[in-house]
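Notes for the one structure printed next.
The values are calculated or read from the model by the stated rules, or taken from the named source; none is laboratory data. Because the structure is a prediction, the values reported are computed rather than measured. Neighbour counts run over all protein chains shown; Cβ positions are idealised from the backbone, glycine included. Protein only, heavy atoms only, side chains kept; ligands, DNA and RNA dropped before computing areas. Shrake-Rupley method; radii C 1.70, N 1.55, O 1.52, S 1.80 Å.
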Amino acid sequence: MESNMNQGKEGRNIERPFAEGESIIRVDGLNLHAGKTHILKNINVEIPKNKLTVILGPSGCGKTTLLKCMNRLTDLTPDIKVSGNIYIGEQPVFGSKTDIVALRRKMGLLSQRPFPLPMNIYNNIAYGLKLRGKYTRAELNELVEYYLRQVNLWDEVKDRLRSPAVRLSIGQQQRLCLARGLAVNPDIILADEPTSALDPVSSEAIEKQFAALSKDYTLVMVTHVLRQARRIADYVIFMYLGEVIEMRPAQEFFDDPREEQTKKYLAGAFN
Amino acid sequence: MNISSHRRTRDRVVTVLTYAAMVFVLLLPFALFVGLAVKSDLLFREHSLGDLLFSSVWRPSSGEFGFKPFIVGSVYVTLLAMLISCPICLLSAIHITQYAPTRVAKVVTTAIDILAGIPSVVYGVWGMVGVVPFVGKIAGWCGIQSNGYSILAGGIVLSIMVVPFILNILMEIYRTIPRELTEVSLSLGATRWETIRDVLNRKALPGILAAFGFGFARAFGETMAVLMVVGNVVKIPEGLFDPGYPLPALIANSFGELGSIPEIESALMFAALILLVVVLIFNATLRWLIIKAERY
Ligand SMILES: Nc1ncnc2c1ncn2[C@@H]1O[C@H](COP(=O)(O)OP(=O)(O)O)[C@@H](O)[C@H]1O
Ligand SMILES: [Mg+2]
């Protein structure tokens with residue numbers, strides 16, 4: 001048995017290359033079918049708290065789908081069938097008793113392209129805050145400024161907080177989206193190729209943000225940029241054709257890939 | 001002539017042709033307007049615009065042309081139809097695109113397409129045998145004397161007729177909103193309904209305005225079905241159960257007199273002109289609202 005393979009319940013091998021008790025997300029025998037296609041195949045993996053975990057894998061292997069299972073955005077696609085479960089702490093994600101609204105609030109989401117809400121810049125941040133609780137005008141102002149500063153956007157937008165968010169550049173929009181996600185005070189941030197639509201400068205800005213955030217947040221980031229993963233990942237989950245092939249600390253993963261598919265992928269065979 | 005100059009010529013011909021077609025299309029409403037205005041001229045020689053629009057006396061035989069009853073009738077019937085159909089369309093578009101399973105949505109979409117293809121005279125007949133007696137009964141319960149041919153009957157039939165058109169546009173609008181916007185809002189801790197109310201509807205607003213405007217223009221000009229159930233009495237309607245006489249019905253009912261008395265012909269042209277101008281002004285206002293709403 002490999003050092004990072006742990007015997008899970010019912011004899012399943014759970015990928016957990018770190019000590020027990022440090023995980024915040026546990027994917028437990030997750031299978032996902034859309035119609036007749038088997039998209040996620042028996043996924044067993046744990047994600048450590050306050051680390052940056054990158055999900056790597058060739059296009060179409062199920063990275064986005066796995067990410068969306070974590071906050072159950074799969075609900076939006078009626079013809080999807082899920083078995084197994086994901087636990088956020090002790091909370092099951094799939095289950096009729098789950099308070100999914102509360103659970104989703106613990107998880108920020110950053111998508112491939114920025115999707116600002118159809119509101120002004122200020123309200124893009126305030127929207128989530130207002131869902132979180134009651135604030136006075138002054139408190140809202142303060143918090144909006146705080147989160148815009150967190151993503152280094154405040155100085156660029158402080159004079160036009162009331163103008164539509166879509167007027168910002170793509171890079172600014174993505175930082176706004178990050179600030180919006182942070183404003184609901186999540187424990188986890190899910191990001192799906194968050195820099196793929198950005199120019200190199202904006203991309204680097206987001207990347208730096210992520211590296212900094214991983215002290216206080218659990219980050220799960222899908223990417224297809226190997227070098228990016230190398231730069232910022234603490235752990236890497238490698239997926240191939242709907243399966244998790246291996247999960248390793250980043251350094252080990254890149255320097256000493258274990259599985260045959262991983263080696264091929266790192267050598268650029270799937271591109 | 002070598003091949004490349006041949007191709008260049010063809011390119012130029014196509015450019016000119018498409019340009020000409022565009023100019024033609026742009027000129028159409030203008031030509032329509034000028035034609036109607038010229039033909040209405042006779043009426044303006046003896047009546048002021050104010051008299052024509054605001055007088056309630058309609059006695060063509062003695063040269064009195066007050067269009068107010070028709071204008072008011074048209075506005076009432078159209079507003080009533082919009083009041084009934086817009087909320088229904090908005091709610092069902094939201095349900096079909098946001099909540100209903102794919103299979104149900106497909107069935108409903110097919111049904112709506114069928115409804116949209118039914119000729120208006122069919123709606124009219126159905127209105128006469130179904131809606132009119134029903135309205136008459138309601139009037140009875142309310143202690144009002146009415147045979148059912150009324151503004152209310154016209155509004156109901158009209159509202160049903162515009163539903164497929166408005167609903168089709170609205171569904172398209174909601175379907176084109178990127179799913180990621182819903183995902184983002186849900187991930188911030190909003191419920192499904194909060195997401196629809198605060199995010200999707202805001203995003204859809206320009207489209208919703210366009211759909212309602214399209215419905216209004218259609219309803220305002222709809223002739224046959226309304227004419228069959230609205231009663232066609234020249235009188236300013238004072239209640240829902242009163243009969244009315246909308247502008248399109250006036251034109252349709254009197255076109256037989258075209259060419260007989262010049263003044264009446266001119267009056268009908270003026271009625272058509274009013275219809276055209278109202279729809280044009282309405283469209284322009286709507287454009288402006290849509291552009292304002294599209295900022296986000
Ligand atoms: N709703 C769906 N219905 C059918 N197939 C789907 C659906 N969503 C995703 N898929 C398929 O599942 C596979 C994984 O998709 P995805 O998770 O987006 O991959 P990745 O993000 O790794 O590129 C793809 O082959 C895709 O075509
Ligand atoms: Mg993807």
- prompt: Taking the range A:54-90 only, how many residues are within 15 Å of ligand 2 (Cβ to nearest atom) and within 14 Å of another protein chain (Cβ to nearest Cβ)?
  reply: 9
- request: For the range A:188-223, name all the residues that are among the charged types (D, E, K, R) and either within 14 Å of another protein chain (Cβ to nearest Cβ) or in contact with a helix residue (DSSP H, G or I) (Cβ under 8 Å, 6 or more places away or on another chain) (or both).
  value: A:Asp192, A:Glu193, A:Asp199, A:Glu207
- line: Across the range A:216-271, the tally of residues that are open to solvent by less than 20 Å² (accessible area, probe 1.4 Å) and of a type in the set (Val, Ile, Thr) stands at 7
task: Scan the range A:55-86 residue by residue and report those that are open to solvent by less than 50 Å² (accessible area, probe 1.4 Å), part of a strand (DSSP E or B) and away from ligand 1 (no atom under 13 Å from the Cβ).
output: A:Gly84, A:Asn85, A:Ile86
query: A:Asn152 fails exactly one of the following numbered conditions: (1) part of a loop (DSSP other than H, G, I, E, B); (2) within 11 Å of chain B (Cβ to nearest Cβ). What is the number of that condition?
result: (2)
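Could you please let me know if A:Ser202 is more than 11 Å from the chain's Cα centre (by Cα), within 18 Å of A:Glu46 (Cα to Cα) and away from ligand 2 (no atom under 16 Å from the Cβ)? Steps first, please.
Values: more than 11 Å from the chain's Cα centre (by Cα): yes; within 18 Å of A:Glu46 (Cα to Cα): no; away from ligand 2 (no atom under 16 Å from the Cβ): yes.
Answer is no for this residue.
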query: Can you tell me how many residues in the range B:132-155 are assigned to a helix (DSSP H, G or I) and either surrounded by fewer than 24 Cβ atoms within 10 Å (Cβ to Cβ) or outside the structural domain of B:Val234 (by TED's automatic domain parsing) (or both)?
result: 8
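Check whether at least one residue in the range B:248-265 is in contact with a Ser or Thr (Cβ under 6 Å, 6 or more places away or on another chain) and touching a residue at least 60 places away in the same chain (Cβ under 8 Å), and report yes or no. Steps first, answer last, please.
Of all residues in the range B:248-265, those in contact with a Ser or Thr (Cβ under 6 Å, 6 or more places away or on another chain) come to B:248, B:252.
Going one step further and asking which of them are touching a residue at least 60 places away in the same chain (Cβ under 8 Å), we end up with B:248.
Yes; the residues of the range B:248-265 include at least one that is in contact with a Ser or Thr (Cβ under 6 Å, 6 or more places away or on another chain) and touching a residue at least 60 places away in the same chain (Cβ under 8 Å).
Looking at the range B:253-273, which of its residues are open to solvent by 30 Å² or more (accessible area, probe 1.4 Å) and not acidic (Asp, Glu)?
B:Asn253, B:Phe255, B:Gly256, B:Leu258, B:Gly259, B:Ser260, B:Ile261, B:Pro262, B:Met269 - these are the residues of the range B:253-273 that are open to solvent by 30 Å² or more (accessible area, probe 1.4 Å) and not acidic (Asp, Glu).
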field: Odd one out for A:Glu145, checked against (1) in a helix (DSSP H, G or I); (2) open to solvent by 30 Å² or more (accessible area, probe 1.4 Å); (3) within 13 Å of chain B (Cβ to nearest Cβ); (4) touching a residue at least 12 places away in the same chain (Cβ under 8 Å)
entry: (3)
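Going by the structure shown, is B:Leu276 surrounded by 20 or more Cβ atoms within 10 Å (Cβ to Cβ) and assigned to a helix (DSSP H, G or I)?
On the way: surrounded by 20 or more Cβ atoms within 10 Å (Cβ to Cβ): no; assigned to a helix (DSSP H, G or I): yes.
No, not satisfied.
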- request: Select from the range A:125-142 the residues that are in contact (Cβ under 8 Å) with a residue 40 or more places away in the chain and not small (Gly, Ala, Ser) and write down the one among them that is nearest to the other protein chains (Cβ to nearest Cβ).
  value: A:Leu131
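Conditions (1) open to solvent by 10 Å² or more (accessible area, probe 1.4 Å); (2) under 24 Å from A:Pro116 (Cα atoms); (3) of a type in the set (Asp, Glu); (4) touching a helix residue (DSSP H, G or I) at 6+ places or on another chain (Cβ under 9 Å), marked per residue:
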{"residue": "B:Thr176", "(1), (2), (3), (4)": "yes, yes, no, yes"}
{"residue": "B:Glu180", "(1), (2), (3), (4)": "yes, yes, yes, no"}
{"residue": "B:Leu188", "(1), (2), (3), (4)": "no, yes, no, yes"}
{"residue": "B:Thr195", "(1), (2), (3), (4)": "no, yes, no, yes"}
{"residue": "B:Asp198", "(1), (2), (3), (4)": "yes, yes, yes, yes"}
{"residue": "B:Leu205", "(1), (2), (3), (4)": "yes, yes, no, yes"}
{"residue": "B:Phe212", "(1), (2), (3), (4)": "yes, no, no, yes"}
{"residue": "B:Phe216", "(1), (2), (3), (4)": "yes, no, no, yes"}
{"residue": "B:Glu222", "(1), (2), (3), (4)": "yes, no, yes, yes"}
task: Evaluate the following for B:Glu238: is it among the charged types (D, E, K, R), part of a helix (DSSP H, G or I) and open to solvent by 50 Å² or more (accessible area, probe 1.4 Å)?
output: no
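Go through the range A:104-124 and count every residue that is within 7 Å of chain B (Cβ to nearest Cβ), assigned to a helix (DSSP H, G or I) and open to solvent by less than 20 Å² (accessible area, probe 1.4 Å).
Result for the range A:104-124: 1.
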